[in-house]
1. What residues have an amide H closer than 5 Å to that of Ala199, excluding those fewer than 5 places away on the same chain, when H is modeled at 1.01 Å from N in the peptide plane?
2. Fewest first, what order do Phe35, Phe54 take by the number of other Cβ atoms within 10 Å?
3. Any idea how far the Cα center of region 179-194 sits from the one of region 254-284, in Å?
4. Whole Å is fine, so just give me how far the alpha carbon centre of region 98-122 lies from that of region 17-90.
5. What residue among Met217, Met126, Met167 has the largest mean-square fluctuation in a Gaussian network model of the chain, using Cα springs under 10 Å?
6. Within 10 Å of each candidate Cβ there may be at most 12 other Cβ atoms; applying that plus a DSSP loop requirement, which trypsin sites (Lys or Arg not before Pro) in region 1-44 survive?
7. What shape does region 88-140 take by its C-alpha gyration tensor, where a ≥ b ≥ c are the square roots of the eigenvalues and a/c under 1.5 counts as rounded, a/b above b/c as prolate, and the rest as oblate?
8. For region 61-173, what percent of Cα pairs sit more than 24 Å apart?
Amino acid sequence: MSNPLVFGGTANPALAKAISELLGSPLGRLQVERFPDGELQVELGEDVRGRETFLVQPTAAPVGERLLELALLADALRRSGARRITAVVPYFGYARQDRRETGREPLGARVVADWIAGSVDRVVAMDLHSSAVEGCFRLPLEHVSAVEVLARRLGGAAGQVVVSPDMGAVKLAERYARLLGLPVAVVHKHRVSGAEVSAHGVVGEVKGLRPLVVDDMISTGGTVAAAIEVLLSAGCAPEVTVAATHGLFVGPSVERLRGLPLRRVVTTDTVPPPSGLPLPIEVVSVAGVFAEAVRRLSQG
Ligand code: R5P
């Protein structure tokens, strides 16, 4: 059996390269260009006939463009005779649209999962917003996690408490707490809009403790910032660590977070890590987690 062939779209070529290096094979060559009218044009630079292929493409901004590129590259692989195509989607945008709240919205996660499923045979994704999103995929989905890698980097120390910034992240917080041997507290959050949240209170003991706030992602920073404000009012020690798999840092995230007593913000490279932000960001690579998934999947 030949080695799996890894390709990387333009959303995170560094991660794709790191994965293929760990697998001991060169990254598959490809070209992504644009016609003058803005259309994407892609072309493979490898013979893929009969090969097991993996296409690494998170939905980093601009999300729609990345999805279209993924579909075009997958179609190129299919028409060029690849034996199997696995989309490796380290960050899956639209996962937060996993339920209908007003009755007048689409089930966005399902629509996008169907779009991806139309062009590949299998999907690998990391720390999806909720396990319910798995149900949106009609293809085999391999759901991997960065929690162990992040917990190893964080280390647990006496006097810390793991905090879930909302009800949705409670299970995630419990996983961190188990790995680090720490207690858990939960903040009660209400989402006002895509970029605005409000937090009301804390369940659990935080007074005098150093919080470790964990979430699947930091997008505009609203959730984490609101949680920290509530924790400070509840008397936690002003020395906060934040851990999140997907560090998007979009919109007002920096303004929201920079004035807070943050000691560490630990995230991964599922999307290209930001550089030069005035925040104590540490990035842990998840290339090893994906390389292991690729190795296992390609060996059946
Ligand atoms: C929401 O339920 C998610 O788990 C995150 O808490 C949220 O999406 C983070 O977004 P933001 O940083 O914009 O608050």
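Just so it is clear, none of the values below were taken in a lab; they were calculated from the coordinates. From a predicted model like this one, the values you see are computed outputs, not experimental measurements. So basically every Cβ, Gly included, is an ideal-geometry build from the backbone, and we count neighbours across all protein chains shown.
1. His190
2. Values: Phe35 8, Phe54 31.
Going from sparsest to densest Cβ surroundings: Phe35, Phe54.
3. 19
4. 21
5. Looking only at Met217, Met126, Met167, the largest GNM fluctuation is found for Met167.
6. On the way: sites: Lys17, Arg29, Arg34; in loops: Arg29.
Answer in residue order: Arg29.
7. On the way: a/c = 2.26, a/b = 1.55, b/c = 1.46.
In terms of gyration-tensor shape, prolate.
8. Working: 2333 of 6328 pairs.
That fraction is 37 percent.
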